[in-house]
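For reference, the structure discussed in these notes is given below.
Please treat every number below as a calculation from the coordinates, not as lab data. All of these numbers come straight from a predicted model, not from anything done at the bench. Positions of Cβ are backbone-derived with ideal geometry, glycine not excepted, and every protein chain shown enters the neighbour counts.
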Amino acid sequence: MRIVRLVGSAAAAIILLGVFFLLEDLHARILLAIWPQYPHALPFQGGSMWQMGVRMVQLVLLSTLLCTAVGIPLGIVATRPRFREEWAPIVDSLVNAGQTIPSLAVVALALPLLGFGFVPALVAMVLYGLLPVLRNTAVALESVDRAQLDAGRGMGMTPGQLLWMVELPHSIPVVLAGIRTSAVLNVGVATLAGLIGAGGFGAAIVHGIDLRVPPLVWYGAVPTALLAVILDFFLRRLEEILTPKGLRLQAHRDG
Amino acid sequence: MSDPIIVFDGVTKQYGEKRAVDNLNLTIREGETCVLIGPSGCGKTTSLRMINRLVEPSSGHILISGKPTDGVPAEQLRRQIGYVIQGVGLFEHMTVAQNVGIVPRLVGWPQHRIDARVDELLALVGLDPAVNRNKYPRQLSGGEQQRVGVARALAADPPILLMDEPFGALDPITRERLQDELLRIQRVVRKTIVFVTHDIQEALKLADRIAIMRSGRLIQYDTPEAILWRPADEFVREFVGNDRVIKALGLIPVERVMEPASGNGSGRPGPAPTVATGATPATVPATATLRDALSAVILNGLADTAVVDGEGVVVGWIRREQLLATLAEFPVREVAS
Amino acid sequence: MSRPAGAELSRSRLGAAGALLVLIAVAGLPWIQSAPNPLALGSKLLVRSSSLAVLSGGWLYAALLAAPAAAALIVGLRRAGAPAGWWLWAAGSTGLLAVWLSSEPLIAAGRAGGTLANVALWGSGVWLSLFGYGVVLYAGILHVRRAARTPASLPLVLWVPVLFILVHAGWLIVQGEPAGNWLLRVAQEEAQSGGIQQRIREHLWLSAVSATLSIAVGVAIGIWGYHRERVARVALYVSGVILTLPSLALFAMLMEPYAALANAYPVLRGYGIGGLGAAPAITGLTLYGLLPVIRNTYAGLRGVSAAQLDAARGMGMTPGQIMFLVLLPHALPVIMAGVRQTAILLIGIATLAQLIGGGGLGYYILMGINRASIAHILIGAIPAVLVAVVVDFLLSWLGRSLTPKGLRLSKGVSA
């Protein structure tokens, strides 16, 4: 049942976006109707809306997967008793400090270090998006009710079983929220990545600003905003669907 | 008999279909402690909160000192009525002194007068002002917090005090102590107290008159003795409990039944006590009730029992005959209703 | 942490790990990268990377720089507690200072020792060894603080090496002679021309104005939402959605309304309101800053216990008095936390203001992108991070001192 809802939500999001990106002509017409004084603004030389859209989705999807794949294990390791005392504070400090680094700086640094294009942008996005996932994983694992852990240990669970059967299920809502935060932030970073040649809508936006051509600006900005909102919405649905039912009841009772 | 100070005149509170309070007519006299009691949902708390208009009646009036309560703005009314609740509700971000002084401050007293009043009240409720003035609520125990709550309610010297299950969240020992303190304070300040509880023992101990409510209606409004001796109906009889006669013993001070000791403090002991060898005879404190006395007399094998004061000096004797005679009167009292 | 205070930690794996990083860096990673000119840095062909050994002609220098790391490695693996902490701290400090202070002469050597090399940069080796020594230092501080009998004032003293480097860098920037260090040279130019000061001023101004607006509007909406549930729900939802919008997109979309406004009323241009410039940036920033403030105000007000509210009503406080004497003081710590979040958020996003002509430190970051110059990017990014850290520190101090003393105590504590 859950799988069905999951797939349904994903399909809805994909179809919505896909349709939007494909309706290139319609967008161009609407924008040029609003700003008739810029008849040559569109179509954009840098790529069609479909191309830019797909590139954005690629960047965000891939980076989010990588962030999750790296961030969750790191978060788990940082909260294990063996490592906790030393690594938790440093993870904490790194995350706090990392939050203050502007996303533009991370994207910018990728250029001289790694060059132009898709891969440098991806690296920047993975680094930037790692923080919310890591922090939320660590916080979620730390906040598991001690009484439940005690009961588990008391009934003979190994640390591995405790992790898999108690700690992780408990952490699902918060971890998913972290992944969502990371993904939505990364839509923003992906937009900026247009500055270092990664494709995507950023190039159109910046071009439009440079040339003072509003329709171009909106041509790039609206799909970006839409992508972020739909992604956020979809991931919230995902959170709901994947949260174990017992935890959801708890939230309602306290809420 | 003192003047009526709070009058409920045909007061009803309706929530949709349900009547939380149904045509309540009640007169509370000045200086009285009136306890509202009943099962959950009987309307006692709602009635209390209508006095200071935290709840507005659907119909009927409440008069305080002859004037309807909706004649003045609600806030003005409330500043003249003390209000103590179960959760205490001390303001955590203020010191004890600031908490107690809040209503005088709202009303506009000069600071020196407030300070003096705070110290006076803290002493009245049994807290050393010097130690406690500058503490914060989180540093106090539950019992101490509620004492401050009472002090806060009395700060502006209101004639009326409303108390909504104030001791309900405390442990039994602290509760009993605070009940005694309240009786003591009442002897000093002589306020009109309207007190809500679900504990019949508490009601019997504290009340001048008890109002038993059920499903929004007033079932019986009488002195504790009357309620125990002449319950109005089966519901009240059940509510006060099957041991109501024993409870009634708790209302009779031991002095009324004891034979005072003669001048030299000894008096005639009477027949030798048939207590277990080696055990010291149980005594009864002079401040106790007949109920406690009965317990001691039984322990002494129904022999005469000494009544002692705080220093252990014998001030009187409970004679077995006198005790039996008193108990024998009870059915007569009951029938004589 | 569940460890009892004063208990010492077992072996420092962290310290050992940091030391290992340094050893790797010193052993083989590129130390200096040089190129004929800045643009050539982008090209793999023209860049010459020299490892430490090559640069200094032999392993002596490398050994010296690595020595503290080796010590740290041994200490980290074998010993524990306060003594180990001090060793780690000492090793980390010496290592940091050694790498920092040796970078200039090595750069000079790098220039001299090769073909045309007008630009020289730190290679990954320097970065990694700085990071590694930083980790060692941090591990040392952790151990020292955890050990028993450390006075509370100690921690600040322990950070002295880092402070020294910052101060030294600052000194090099402001002194007359051109700094040899590549990063500092650019910083120096900008500082002396007044550029960086101006950008910092702009950045602070953008952040401060928008943060103030966010806080004023956000607290008001939070209070309103406290009284009307539906308003709270809508406000939280809308401000949440706003926060998901990518910053560049939002800023860009805000440009047009302001441009149209300025075209209709040209007088506004005199006040700096137009399509390009600070106005859309400040609007966008203000919108972003709303959610933390609204959410925290609402939650803080709702968190006041029902008993306190009932008592307040029952004693005759007016709704206004209840708000100012009971609700707001109680909610203040939570609101301040929201204010902090907003401030940090806005300082970060303000870097994008330059993209729409708003100024700020983003200016240097963009210049860095255009010229492929790491130095410029860092001159934009590092001050932004420093400003954020300082502001965070100040605001958390402010939050603590504004919290009523009664609330700072945890329940059941006797003073």
Check: Which FRET efficiency, nearest 0.05, do residue C:67 and residue A:14 yield, Cβ-Cβ r, R0 56 Å?
Finding: 0.45
Item checked: chain A: DSSP helices with Cα axial extent of at least 18 Å and average Kyte-Doolittle hydropathy no lower than 1.0 -> A:2-22, A:49-78, A:118-142, A:168-193, A:214-242
Check: Label-point separation (nm) for residue C:131 and residue A:40, each offset 7 Å from Cα along Cα-to-Cβ?
Finding: 4.8
Notebook entry, point to check: Given H placed on each backbone N at 1.01 Å, which residues far from residue B:219 in sequence or on other chains put an amide H within less than 5 Å of it?
Noted result: B:212, B:213, B:214
Check: In whole angstrom, how far apart do the alpha carbon centroids of region B:174-234 and region C:87-102 sit?
Finding: 78
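How many Cβ atoms of partner chains, on average, are near each residue of C:399-409 if near means within 10 Å of its Cβ?
4
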Check: Using the count of nearby Cβ atoms within 10 Å as a rough guide to exposure, how do C:339, C:241 rank from fewest to most?
Finding: C:241, C:339
Notebook entry, point to check: Between B:181, B:225, B:259, which gets the highest mean-square fluctuation from a Gaussian network model of chain B, Cα cutoff 10 Å?
Noted result: B:259
Next item on the list: Could you calculate the contour length gain from residue C:231 to residue C:386, that is, 0.36 nm times the residue separation minus the distance between their Cα atoms, to one decimal place in nm?
Entry: 52.1 nm
Notebook entry, point to check: Is there a pair in B:135/B:191; B:44/B:67; B:13/B:205; B:191/C:405 whose C-alpha atoms are over 32 Å apart, and which pairs would that be?
Noted result: B:191/C:405
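Could you list C:298, C:288 in order of exposure, starting from the residue whose Cβ has the fewest other Cβ atoms within 10 Å? Before the final figure, lay out each step's value.
Values: C:298 28, C:288 24.
Listed from fewest to most nearby Cβ atoms, that is C:288, C:298.
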Next item on the list: Return the long-range amide H neighbours of residue B:32 (sequence gap of 5 or more, or a different chain), with a cut-off of under 5 Å between placed amide H atoms.
Entry: B:193
Notebook entry, point to check: Roughly how many nanometres apart are two label points built 7 Å out from the Cα toward the Cβ at residue B:280 and residue B:72?
Noted result: 5.6
Next item on the list: Starting with the fewest neighbours, write out B:8, C:324, A:201 ranked by other beta-carbon atoms found within 10 Å of each beta-carbon.
Entry: C:324, B:8, A:201
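For the protein assembly as shown, give the magnitude of the charge dipole about the Cα centre (Cβ charges: +1 Lys/Arg, -1 Asp/Glu; no others), in debye to the nearest 20.
Details: 82 positive and 64 negative charges, 358 e Å.
Dipole magnitude for the protein assembly as shown comes out near 1720 debye.
Dipole of region A:146-255, Cα-centred, from +1 at each Lys and Arg C-beta and -1 at each Asp and Glu C-beta, to the nearest 20 debye?
On the way: 9 positive and 7 negative charges, 42 e Å.
I would put it at about 200 debye.
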Item checked: Average beta-carbon neighbours from other chains, 10 Å sphere, peptide A:180-192 -> 3
Item checked: Long-range HN-HN contacts of residue B:84 with modeled amide H, under 5 Å -> B:162, B:163, B:164
Check: DSSP beta bridges in the protein assembly as shown, what fraction antiparallel, as a percent rounded to 5?
Finding: 60
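Report, to one decimal in Å, the Kirkwood hydrodynamic radius for chain A based on all distinct Cα pairs.
Working: mean 1/r = 0.0496 Å⁻¹.
Kirkwood hydrodynamic radius for chain A: 20.2 Å.
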